[in-house]
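For reference, the structure is listed below as structure tokens.
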Amino acid sequence: MPYADILTLLLAVFIILFASSSVDQEKLERMSAVFSQVFDGGTSFLEQPAPVPSPNADSDQTPQQNSAYLKDQQELAEIKDSVDNFIAVNEMEGQFATEMTDEGLLVTIRDSILFDPGQATIKPEYIPIAKELADVLVSNPPRNIVITGHTDNVPAGPNFSSNLELSLMRASNFYMVLLDSNSQLKSENFSAKGYGENRAIAPNDTAEGRAKNRRVEVLIQPLVTEDGSEAKNTQ
């Protein structure tokens, strides 16, 4: 390109930028027409249509991946319905609760239905209830399930060195009852954790708050992540 043409082009760009700072649309249109004629009668860049983003521009997810994720979420919702029905049939709405979370389906069980105060052994009369829950947890393919124990901030008592130990033993014992209750549940898909009083969901300064904090949680994890990939084991 000749030097004079380069200077003309730079001048044109400068004028365009200057004119663009004004809200005078008529001025822009006049200048667009002039520059179209100057540069070989081509189409003005001001007339070029704006690029239209692809519907999936912000996502690399394929329709198949999206379908897999939605299908997995539907299956989790069906498990939730089964657990909710189990709770209703056994009239334990005040002892059990279910919730869909980002990590999966969370089933919360008040500790009072499973354990005596300061103890980690499941009450014999509630082992049949645990066995019924185990049947609901069976799925194909199997899902990873995390059992976590939680306490309030009251000292554990003479049988345990800390609330952390008490919560872990409760989670472990409940984990074992579930596995023993149904041969289709496999240990490689289960894990047990204890957090003591460190993950309170209510203030510990009232009896009601402490009762909410004393709980066992069963997290049923998804098989597929939101981006359509296989969920990693977060146990």
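Since every read-out is calculated from the coordinates, none of them should be taken as a lab result. Not measured: the values here are computed from a predicted model. No Cβ is skipped: glycine too gets one built from the backbone with ideal geometry, and neighbour counts run over all protein chains shown.
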Exercise. Considering the zone a paramagnetic label at Val154 would reach in this model (a point 7 Å from Cα along the Cα-to-Cβ line), which residues of the range 97-116 have amide N under 16 Å from it?
Worked result: 110-116
Problem set entry | Those trypsin sites (Lys or Arg not before Pro) in the range 132-198 that DSSP places in a loop and that have at most 14 other beta carbons within 10 Å | Lys186
Exercise. Using 7 Å Cα-to-Cβ label points, what is the Ser82/Ala211 separation (nm, one decimal)?
Worked result: 3.1
Exercise. Counting only Cα, what are the radius of gyration and maximum Cα-Cα distance Dmax of the range 55-203, in Å?
Worked result: 17.6, 62
Exercise. What order, most packed first, do the peptides 89-97, 220-228, 176-184 have when packing is the mean number of other Cβ atoms within 10 Å of each residue?
Worked result: 220-228, 176-184, 89-97
Exercise. Expressed in nm to one decimal, what extension gain is obtained for the pair Glu125 and Glu103 from 0.36 nm per residue of sequence separation less their Cα-Cα distance?
Worked result: 4.8 nm
